[in-house]
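Asker: Can you read through this structure? Questions will come right after.
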Amino acid sequence: MCGICGIIDLSSGKDLNSYIKSMMDKMAHRGPDDSGTFFDYKKNSGSSGIISIGLGHRRLSIIDLNSGHQPIHNEDKSIWIVLNGEIYNYLELRFDLEKQGHIFATLSDTEVVVHLYEQYGQDCVKHLRGMFAFAIWDVKNSILFIARDRAGKKPLVYYYKNGLFIFSSELSSLLGSGLIERELDPIALDYYLTLGYIPAPLTIFKNVFKLPHAHSIVLKNKELKVSKYWELEYYPKLVMSEQDVESELERIFEESVKIRLRSDVPLGSFLSGGVDSSAVVSMMSRLSNQKIKTFSIGFEEKDYSELKYAKNIARIFNTDHHEFVVKPDALQILPLLVERYGEPYADSSCIPTYYVSRETKKFVTVALSGDGGDESFAGYDRYYAMLVAEDYSKWNPFVRCLVGKISNLFPDSANSKNTFRRIKRFLAAAALPADERYLRWTGIWNSGLKEILYTNGFKGMIDPQGLESNMARFINTNINWHLVDRLLKTDVSNYLPYDLLTKVDIASMANSLEVRSPLLDHKFMEFAACLPVSYKLKGNIKKYIFKKYLEKFVPKNNLYRTKMGFAMPIGKWLRTDLRGFLKETLLASKALKRGYFNSEIVIGMVKQHISGKCDHSYQLWSLLMLELWHQKFFDEGKIA
């Protein structure tokens, strides 16, 4: 687990040493144990100019502590690599490569990729089982090859303009090169306000892009090619009995956890007490010959805290358990997180994720997590709600209208968990087409709210149907698929890599902690994807077959309790402890004059929320994070 960066100058052949050093310094937190660089200067075969190449690496030592220094090269130094992540099947790959005559100089998993590239070229990525973003410089062929893992665990951002290609693990590092102009992309900003995150390939900056998950880049002779090398397939469906599915789940899950226990440093596990983290701890306990360390985070507000469920699992599996309670003063780390994320990011659960990572790092260097289970086994409430809404949309329009009028009589509530409020939210979108309904339920600012929020000037800079068309592409394509499969595909392609996994990567690496996710093993995901929907969502039972398999190990009151997620009590905090901070930030004259939003709308929403008349917590939080980002990346002139 590390940070990587690089620059390829195809035009001027400039000395890259100082630029690479600056980029590496900006992500020292990703790799505090070691650093390394590689530079090459060669004549451009297509002109009389010089190509200059620089690669940088910051290392968090996990495997081969003594000889795993990067960049790593092959025998004749014609291939160089920098890699961020872990290749879990590296031992098996190494064994096969040695049989084919490859000679290794280290025990590192990274060197395996070098020899795979020698053997298979760009298809090397298809042999890897792990989380990774790596860059290979092929000296003989003057090719830069970059690839990112299938699920999107490890990030990579890049810039390419006028023969200058720059890449890094983090936006702040990319900007730290000093070679990129900062120009906000209004389309990306619109995406952010709708979703709370910015999906690939966009970033908040023009001309700066995210490499999508399961994609690779080839740069040769100034030609940049981005291509996909893997797709999660949901059809054809497997025909298997429940008993056979449970047996296969056991086999793949055990293998997935087992290879993620390979490490030369101490390991532990995050534990919420929910289905997925409990499953991981259960399997770790069976595979390990020593006591597992587990780490949990909670809140003083009982409606948001899962600590009691985590304690129950820790007791059952006799783990060495640690917990931490997040309070409103935890937001003191917001400026740090704003810098680390590098662009506006509105998932407030990044804060507890940061703190559980910080506490975990005090005891171990690697933690396993339960990320990915919901996207494989239909674990979110919205999957069931979408099916119910499909039936509701077929009701007689008069009856739907009557139901809507009755629901409007329900009192408004500032509590996001209030039953009446949830019913009203459901009915407000239930009769919409599936793609519009999905955005209404997963988004922050819907089209109606954005219409009154945006200034006329900002409206003229965006495509009002852009994001909607993008989501419709996922949900309305493969119309013969079951709706749940289409929703799972949508989440695996957007929400999982660009919200959840971005959150975990940045929050954990800010604390120099590696997080591994067995449920995101691509073999596990491929098996789950091809299971019939009835094995995932049976009536209103979410994750049906996974829970049924886990009943042998995990108590039913942990498996079948109401899903809580990892939400923070932001609504309450913005009314109480953080009220002053909210007003000082969003209602400052500079914030109100950015030119994106109608100031009277922002002022009104702040007043309504603080008074308790309405709950605008998600909307206000997204504006708050946007303003803090603006202050950091534009008002300060450069990153401190």
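Asker: Can you tell me what the convex hull of the Cα atoms of the chain projects to on average, as an area in nm²? It would help to have the intermediate numbers written out before the result.
Answerer: Working: hull surface 114.4 nm².
Dividing the Cα hull surface by four gives the mean projection, 28.6 nm².
Asker: Amide H neighbours of VAL325 under 5 Å, counting only residues 5+ apart in sequence or on other chains, H built in-plane at 1.01 Å?
Answerer: Counting only residues 5 or more places away or on other chains, the set is GLY298.
Asker: Same structure, new question: What residue among PHE165, PRO201, PRO352 has its Cα farthest toward the positive end of the dipole of the chain, where the charges are +1 on Lys, Arg and -1 on Asp, Glu, each on the Cβ?
Answerer: PRO352
Asker: If you plug each phi of segment 475-492 into the Karplus form 6.51 cos²θ - 1.76 cosθ + 1.60 with θ = phi - 60°, what whole-Hz ³J(HN,Hα) values come out, in order, with x for Gly and Pro?
Answerer: With the stated coefficients, segment 475-492 comes to 7, 9, 7, 6, 4, 7, 5, 4, 4, 5, 4, 5, 5, 4, 4, 4, 5, 5 Hz.
Asker: Using DSSP to call loops (not H, G, I, E or B), can you name the trypsin sites (Lys or Arg not before Pro) in segment 264-307 whose Cβ has at most 13 other Cβ atoms within 10 angstrom?
Answerer: Passing sites in segment 264-307 are LYS291.
Asker: Just report the Cα centroid separation between segment 454-469 and segment 212-250, whole Å.
Answerer: So the two Cα centres are separated by 33 Å.
Asker: A further question follows. For segment 568-587 and segment 493-526, compute the distance between their C-alpha centroids and round to whole Å.
Answerer: Segment 568-587 and segment 493-526 have Cα centres separated by 29 Å.
Asker: Give me the percent relative contact order of segment 224-342, please, defined on Cα pairs under 8 angstrom at least 6 residues apart.
Answerer: Reported relative contact order: 20 percent.
Asker: Would you mind getting the accessible area per residue of the chain, heavy atoms of the protein chains only, 1.4 Å probe, in Å²?
Answerer: With all protein chains present, the chain gives 39 Å² per residue.
Asker: For a quick size check, give me the Cα extents of segment 565-611 along its three principal axes, largest first, whole Å.
Answerer: 34, 21, 16
Asker: Enter the mean projected area of the convex hull around the alpha-carbon atoms of segment 143-226, in nm², rounded to one decimal.
Answerer: Numbers: hull surface 22.5 nm².
Averaged projected hull area, Cα only: 5.6 nm².
Asker: List the trypsin sites (Lys or Arg not before Pro) within segment 492-569 that DSSP assigns to loop and that have no more than 15 neighbouring Cβ atoms inside 10 Å.
Answerer: Passing sites in segment 492-569 are LYS552, ARG561, LYS563.
Asker: Okay, moving on. With N set to the number of residues, divide the alpha-carbon radius of gyration of segment 1-146 by 2.2 N^0.38 Å and report two decimals.
Answerer: Relative to the rule-of-thumb radius for its length, segment 1-146 sits at 1.03.
Asker: Of the accessible area of the chain, with the probe set at 1.4 angstrom, what percent is carbon plus sulfur?
Answerer: Here it works out to 51 percent.
Asker: Cα-based Rg (one decimal) and Dmax (whole number) for segment 509-640, in Å?
Answerer: When restricted to Cα atoms, segment 509-640 yields Rg and Dmax of 21.9, 59 Å.
Asker: Just to check I understand the Karplus step: with θ = phi - 60° and J = 6.51 cos²θ - 1.76 cosθ + 1.60, what whole-Hz values come out for segment 116-124, glycine and proline as x?
Answerer: Taking θ as phi minus 60°, the curve returns 4, 5, 4, 7, 10, x, 5, 6, 3 Hz for segment 116-124.
Asker: I've got another one for you. Shape of segment 97-170 from its Cα gyration tensor (a ≥ b ≥ c, root eigenvalues): rounded if a/c is under 1.5, otherwise prolate when a/b > b/c, or oblate?
Answerer: oblate
Asker: What residues qualify as long-range amide H neighbours of THR455, i.e. H under 5 Å apart, gap of 5 or more or another chain, H built at 1.01 Å from N?
Answerer: PHE597, ASN598
Asker: Using alpha carbons only, how many angstrom separate the centre of segment 131-187 from the centre of segment 606-635?
Answerer: 31
Asker: With a cap of 16 neighbouring Cβ atoms within 10 Å, and only residues DSSP puts in a loop, list the chymotrypsin sites (Phe, Trp or Tyr not before Pro) found in segment 291-350.
Answerer: none
Asker: At a temperature of 10 °C and a viscosity of 1.306 mPa s, determine how fast segment 243-375 diffuses translationally according to Stokes-Einstein, using the Kirkwood radius over alpha-carbon pairs as Rh; express D in µm²/s, rounded to the nearest whole number.
Answerer: Approximately 99 µm²/s, per Stokes-Einstein.
Asker: Got a sec to turn the phi values of segment 83-98 into Karplus ³J(HN,Hα) couplings, 6.51 cos²θ - 1.76 cosθ + 1.60 with θ = phi - 60°, whole Hz, x for Gly and Pro?
Answerer: Here the 3J(HN,Hα) series is 9, 10, x, 9, 9, 6, 9, 5, 5, 5, 5, 4, 4, 5, 5, 5 Hz.
Asker: Would you mind checking LYS161/LYS590; LYS154/LYS361; LYS42/LYS228 for any pair whose Cα atoms are more than 23 angstrom apart?
Answerer: Working: LYS161/LYS590 32 Å; LYS154/LYS361 19 Å; LYS42/LYS228 30 Å.
The pairs that break the limit, which is 23 Å between Cα atoms, are LYS161/LYS590; LYS42/LYS228.
Asker: Percent of Cα-Cα pairs more than 13 Å apart in segment 579-640, please.
Answerer: Considering segment 579-640, 62 percent of its Cα-Cα pairs are separated by more than 13 Å.
Asker: Quick one: compute the contact order of segment 508-640, relative version, from alpha carbon pairs under 8 angstrom and 6+ residues apart, as a percent.
Answerer: 15
The values are calculated or read from the model by the stated rules, or taken from the named source; none is laboratory data. Just so it is clear, the structure is predicted and the values come from calculations on it, not from any experiment. Positions of Cβ are backbone-derived with ideal geometry, glycine not excepted, and every protein chain shown enters the neighbour counts. For the accessible areas, the whole protein counts, side chains as well, though only heavy atoms, and no ligand, DNA or RNA atoms are used. Shrake-Rupley method; radii C 1.70, N 1.55, O 1.52, S 1.80 Å.
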